[in-house]
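Asks: Before anything else, here's the structure in question.
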Amino acid sequence: MKKIVLAAALGLVACHGALAAGEKIAVVTPYLSAVATAEMVNGFKKEAAAKGWTVDVVDTAGDMGAFASRIEDVAATKPAGIVLVSVNPEQVQAQVDKAAAAGIPVVTIDGAKNKSVVTNVTSDNYVLGKTMSDFLFKAIGGKGNIVRFFHSAHPGVRQREIALDDALKANSAIREVGKYYVQVPGQVENSRTAMDSLLLANAGDGAINAVWAAWDEPGIGAKLAIDAAGRKGIVIAGIDGNPQAIDLIKGCTAYIGTVRQGFGDMAKIAADQLGKVIGGGKSDKDELYAPVELITRESLGVKCN
């Protein structure tokens, strides 16, 4: 399987065990329903357990107002650290600033760099978007019509969109004929409904050649709509390496590729960096990247008729 190594972020210094053991850590996210977010949270819980930490996970199910309030709530309990997952800390800057001022280190996973965050652990999201866009454009022969599924509130997804915008500028024979801002939670069904509308608005063979999904779940929803409509000649690619998406690639469906993020690696890096700070040290950098890989039929050794 072809690997695109974005940074040598693994093998980082482990935390100062004796000082960090037994600490209470709060993990807060608005997106636990997303497969990728859940994988990162569960990966962090596993790493934390190995360090002897107790983890309290708080999910606000897409409610950003509640998200801000819950950060205040957990900060008031004086945890040894706060981990924010799949969110831009700027959206809750006042709460993040307050936690940092109280001496509580804040780490983000799949978030963004921030003055009050000790480190953000993520993938290079622009490279994720470019890798998937280049693959998808090549798959349709460098010409045709695409639709975009996105969610700009997530900082990583926004970078993937910027990569798509740049790819479209460089490939004038490919046109974007529709786009949809995906609602979270409920992203699969929401994307299916949106794809129904996009198919109606772009009827006929060749009206849509490909679906660009900023992460896999909207691509899965789009596939359900395409299948139900009986539309042929449309391919789909996404990002994250969602197990269901990989199964669809293996099954020779319209889903032809995904860019897998190293979510387990992110969780390990985040836990090690937080442990280092709890132990009295500093994080290695304000942002660290985990490796990713492009997953296709070819990379999986699948031959389709």
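Any read-out appearing in this document is the output of simple, stated calculations on the displayed coordinates, not a laboratory observation. Bear in mind that the values here come from a model prediction, so they are computed numbers and not experimental data. Cβ sites come from the backbone with ideal geometry, for glycine too, and all protein chains shown count toward neighbours.
Asks: What translational diffusion coefficient, to the nearest whole µm²/s, does the chain have by Stokes-Einstein, given a Kirkwood radius computed over alpha-carbon pairs, a temperature of 37 °C and 0.692 mPa s viscosity?
Replies: So the translational diffusion coefficient is about 165 µm²/s.
Asks: Now for a separate question. Cross-link candidates for K115: which lysines have Cα within less than 17 Å, leaving aside residues fewer than 8 places away along the same chain?
Replies: List returned: K98, K282, K285.
Asks: Whose amide H sits under 5 Å from the amide H of A207, counting only residues 5 or more places off or on another chain, with H placed in the peptide plane?
Replies: The list, which skips near neighbours in sequence, is empty: none.
Asks: Take every DSSP beta bridge with both residues inside the chain and express the antiparallel ones as a percent of the total, to the nearest 5.
Replies: 15 percent
Asks: Rounded to the nearest 10 degrees, what's the angle between the helix 216-229 long axis and the longest principal axis of the chain, both from Cα atoms, 0 to 90?
Replies: Rounded to the nearest ten degrees, it is 30.
Asks: Next question. How large is the helix-only mean residue ellipticity at 222 nm for the chain, computed as the sum of -39500 (n - 2.57) over DSSP H runs with n ≥ 4, divided by its residue count, in deg cm²/dmol to the nearest 500?
Replies: My calculation for the chain gives -13000 deg cm²/dmol from helical runs alone.
Asks: Could you list the trypsin sites (Lys or Arg not before Pro) in the range 205-262 that lie in coil according to DSSP, counting only those with at most 11 other Cβ atoms within 10 Å of their Cβ?
Replies: Answer in residue order: K232.
Asks: When ranked by the protection proxy of mean other Cβ atoms within 10 Å per residue, highest first, what sequence do the peptides 90-98, 114-122 form?
Replies: 114-122, 90-98
Asks: Pairs of Cα atoms under 8 Å, at least six residues apart: use those to get the relative contact order of the chain, whole percent.
Replies: 25 percent
Asks: Specify the residue with the greatest mean-square fluctuation among P291, P155, P243, computed from a Gaussian network of the chain linking alpha-carbon atoms under 10 Å apart.
Replies: P243
Asks: Here's something else I'd like to know. Taking one equal scatterer on every alpha-carbon of the range 179-305, how large is log10 of I(q)/I(0) by Debye at q = 0.13, 0.17, 0.18, 0.19 1/Å?
Replies: -0.62, -0.87, -0.93, -1.00
Asks: On a 0 to 90 degree scale, rounded to 10, what angle separates helix 64-76 from the longest Cα axis of the chain?
Replies: The two axes meet at around 20 degrees.
Asks: Assuming 0.36 nm per residue, please report the length gained on full extension of the stretch A66 to N305 beyond their Cα-Cα distance.
Replies: Between A66 and N305, full extension yields an extra 81.1 nm.
Asks: Also, I was wondering about something else. Give, rounded to the nearest 20 debye, the magnitude of the charge dipole that the range 163-296 has about its Cα centre when Lys and Arg contribute +1 at Cβ and Asp and Glu contribute -1 at Cβ.
Replies: That gives the range 163-296 a dipole magnitude of about 140 debye.
Asks: Then there is this: Going down the list K45/K250; K24/K46; K143/K303, which pairs span over 22 Å between their C-alpha atoms?
Replies: K45/K250; K143/K303
Asks: Only sites in a loop by DSSP and with at most 14 other Cβ atoms within 10 Å count here; which trypsin sites (Lys or Arg not before Pro) in the range 139-217 make the cut?
Replies: K143
Asks: So, one more: Considering the dipole of the chain built from charges on the beta carbon (Lys and Arg +1, Asp and Glu -1) around the Cα centre, which of V55, T193, I239 is farthest to its positive end?
Replies: Positive-most Cα among the choices belongs to I239.
Asks: I've got another one for you. Give the distance, in whole Å, between the Cα centre of the range 29-46 and the Cα centre of the range 204-255.
Replies: 23 Å
Asks: With a Förster radius of 30 Å, plug the Cβ-Cβ distance of K250 and Y126 into 1/(1 + (r/R0)^6) and report the FRET value to the nearest 0.05.
Replies: Once rounded, the FRET efficiency stands at 0.60.
Asks: I want to check the label-to-label distance for D166 and E298. Put each point 7 Å from Cα in the C-beta direction and report it in nm to one decimal.
Replies: Label at D166, label at E298, 2.2 nm between them.
Asks: What is the angle, in °, between the Cα long axis of helix 187-201 and the longest principal axis of the Cα atoms in the chain? Nearest 10 is fine, range 0 to 90.
Replies: Taking Cα atoms only, the helix is inclined about 30 degrees.
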